[in-house]
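The values are calculated or read from the model by the stated rules, or taken from the named source; none is laboratory data. Please read these numbers as outputs of a predicted model, since none were measured by experiment. Methodologically, a virtual Cβ is constructed for each residue, glycine included, from the backbone with ideal geometry; neighbour enumeration extends over all protein chains shown. We work out accessible area using only protein heavy atoms, side chains counted, and drop any ligands, DNA or RNA first. Shrake-Rupley method; radii C 1.70, N 1.55, O 1.52, S 1.80 Å.
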Amino acid sequence: MEKYVMLAGQLGLEGIGDDPEWHSPTPMAEKDIIRSHSSSYYTSLLNGSWTREEERRSGFTWSPELIRRESIIMQGTWSCAQAASQGDIGLNIAGGTHHAFANRAEGFCLLNDLALSADLLLYNGMARRVLIVDLDVHQGNGTAAMTRGDDRIFTFSMHGASNYPFRKETSTLDVPLPNGTEDPLYLALLQDHMDNILDDFKPNVVLYQCGVDVLASDKLGKLSLTLEGCLERDRIVLESCRKRDIGVACAMGGGYSKDVSVIVEAHMQTFRLARELWS
Ligand SMILES: [Zn+2]
């Protein structure tokens, strides 16, 4: 979790952490969480009544602090989504917990901030259509499963074809990529799909899982994007939305480069670009 501390520090150094728009969320209300997650599952999270298999699958050792932290992350993305519903941009310095399902944890994700925020936007009348763009190298399996059947939510996942999760769910649009995919192919595909989806689906709000495990330096990613390519990726998503007056909520997602400063720089690129485009 070193990257989160370093990211917060760097945001402060660059004057973003001092911004009057900087918020420190409180835990999300239970009534909001159990709109999308099963209440029995949420109770098991609060009580720590996991089987060993459930705990292993989560990737975490259970503690009350862990559950509290996760529900704060949920509220963080939901706050960003509310800003996005006003045409603004909001960035959570954590989140992007796209492997969590309605009734189970998986892959270091306990609750799903993207599915929760999409549902709350629709339920509260803040959006009629929500697009979830998931560019983390791992497929957004939990998000796809939790939002399936709701045609007001479009899930778009571009991910490593041979990477975790090995049993993929079906998103509205999945774009699986071969190992070693480099900037030119990645960026061309992304621009094409973003333009088509935004023009056809016409979302009011975009939720963007901007994981940086697509970098060639990533230990788990298997793709080969450069740092410059990663910035271009963000630019395609954010500029495409900005020029159509669509607000965006970003959740950071994964990043496992050996050198933590590379991960922080990749995430900082997203923040700097957001500030440039929405200033
Ligand atoms: Zn990932």
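Whenever a residue of region 238-256 is over 15 Å from Arg272 (Cα atoms), its partners that are open to solvent by 10 Å² or more (accessible area, probe 1.4 Å) and away from the ligand (no atom under 16 Å from the Cβ), lying with C-beta atoms within less than 6 angstrom and at least six residues away or across chains, give the pairs Asp245/Gly87; Gly247/Gly87; Gly247/Asp88.
When the residues of region 125-140 are filtered to those that are more than 11 Å from the ligand (Cβ to nearest atom) and buried (at least 20 other Cβ atoms within 10 Å of the Cβ), the one that is nearest to Cys230 (Cα to Cα) is Val133.
The residue that is nearest to Ala84 (Cα to Cα), counting only those in region 224-252 that are open to solvent by 10 Å² or more (accessible area, probe 1.4 Å) and either within 15 Å of the ligand (Cβ to nearest atom) or among the hydroxyl-bearing types (Ser, Thr, Tyr) (or both), is Thr226.
When Tyr41 is tested against the conditions (1) in a loop (DSSP other than H, G, I, E, B); (2) closer than 22 Å to Ala144 by Cβ; (3) hydroxyl-bearing (Ser, Thr, Tyr), the lone failure is (1).
Looking across region 23-38, the residues that are out of contact with any Leu (no Cβ under 8 Å at 6 or more places or on another chain), open to solvent by 60 Å² or more (accessible area, probe 1.4 Å) and part of a loop (DSSP other than H, G, I, E, B) come down to His23, Ser24, Thr26, Ile34.
Among the residues of region 164-195, just one is out of contact with any strand residue (DSSP E or B) (no Cβ under 9 Å at 6 or more places or on another chain), farther than 30 Å from Ala127 by Cα and surrounded by 14 or more Cβ atoms within 10 Å (Cβ to Cβ), namely Tyr164. Taking the criterion of being within 15 Å of the ligand (Cβ to nearest atom), among the charged types (D, E, K, R) and open to solvent by 10 Å² or more (accessible area, probe 1.4 Å), the residues of region 198-223 that qualify are Asp218, Lys219, Lys222.
Here Gln86 fulfils each of the conditions (1) over 26 Å from Ser240 (Cβ atoms); (2) surrounded by fewer than 20 Cβ atoms within 10 Å (Cβ to Cβ) apart from (1).
Can you confirm whether Gly76 is within 17 Å of Gly96 (Cα to Cα) and not polar (S, T, N, Q)? So that I can check it myself, show each step before the final result.
Working: within 17 Å of Gly96 (Cα to Cα): yes; not polar (S, T, N, Q): yes.
The answer is yes for Gly76.
Considering each residue of region 39-52, count those that are free of Cβ contacts under 8 Å to residues at least 12 places away in the same chain and surrounded by fewer than 15 Cβ atoms within 10 Å (Cβ to Cβ), and give that number.
Filtering region 39-52 for residues free of Cβ contacts under 8 Å to residues at least 12 places away in the same chain gives 39, 43-44, 47, 49, 51-52.
This time we only want the ones that are surrounded by fewer than 15 Cβ atoms within 10 Å (Cβ to Cβ), so: 39, 43, 47, 49, 51-52.
Qualifying residue count for the region: 6.
Out of the residues in region 1-11 that are open to solvent by 30 Å² or more (accessible area, probe 1.4 Å) and not in a loop (DSSP other than H, G, I, E, B), which is nearest to Arg272 (Cα to Cα)? Give the steps one after another, and end with the answer.
Looking only at region 1-11, we keep the residues that are open to solvent by 30 Å² or more (accessible area, probe 1.4 Å), and these are 1-2, 4-6, 8-10.
When the remaining residues are screened for being not in a loop (DSSP other than H, G, I, E, B), the result is 2, 4-6, 8-10.
On the way: Glu2: 21, Tyr4: 16, Val5: 18, Met6: 16, Ala8: 13, Gly9: 14, Gln10: 11 Å.
In this case the residue turns out to be Gln10.
Can you say whether Val248 is within 15 Å of the chain's Cα centre (by Cα) and either of a type outside the set (Gly, Ala, Ser) or outside any loop (DSSP other than H, G, I, E, B) (or both), as far as the supplied structure shows? Answer is yes for this residue. Looking only at region 113-124, decide whether some residue is buried (at least 21 other Cβ atoms within 10 Å of the Cβ), within 15 Å of the ligand (Cβ to nearest atom) and of a type outside the set (Lys, Arg). Yes, that holds for at least one residue.
Taking into account only those residues within region 255-273 that are under 22 Å from Asp88 (Cα atoms) and more than 16 Å from the ligand (Cβ to nearest atom), which is most open to solvent (accessible area, probe 1.4 Å)? Working first, answer last.
Narrowing region 255-273 to residues under 22 Å from Asp88 (Cα atoms): 266-273.
Applying the additional criterion that residues be more than 16 Å from the ligand (Cβ to nearest atom) yields 268-269, 271-273.
Working: Met268: 1, Gln269: 23, Phe271: 13, Arg272: 73, Leu273: 4 Å².
Restricting to residues being under 22 Å from Asp88 (Cα atoms) and more than 16 Å from the ligand (Cβ to nearest atom), the top hit is Arg272.
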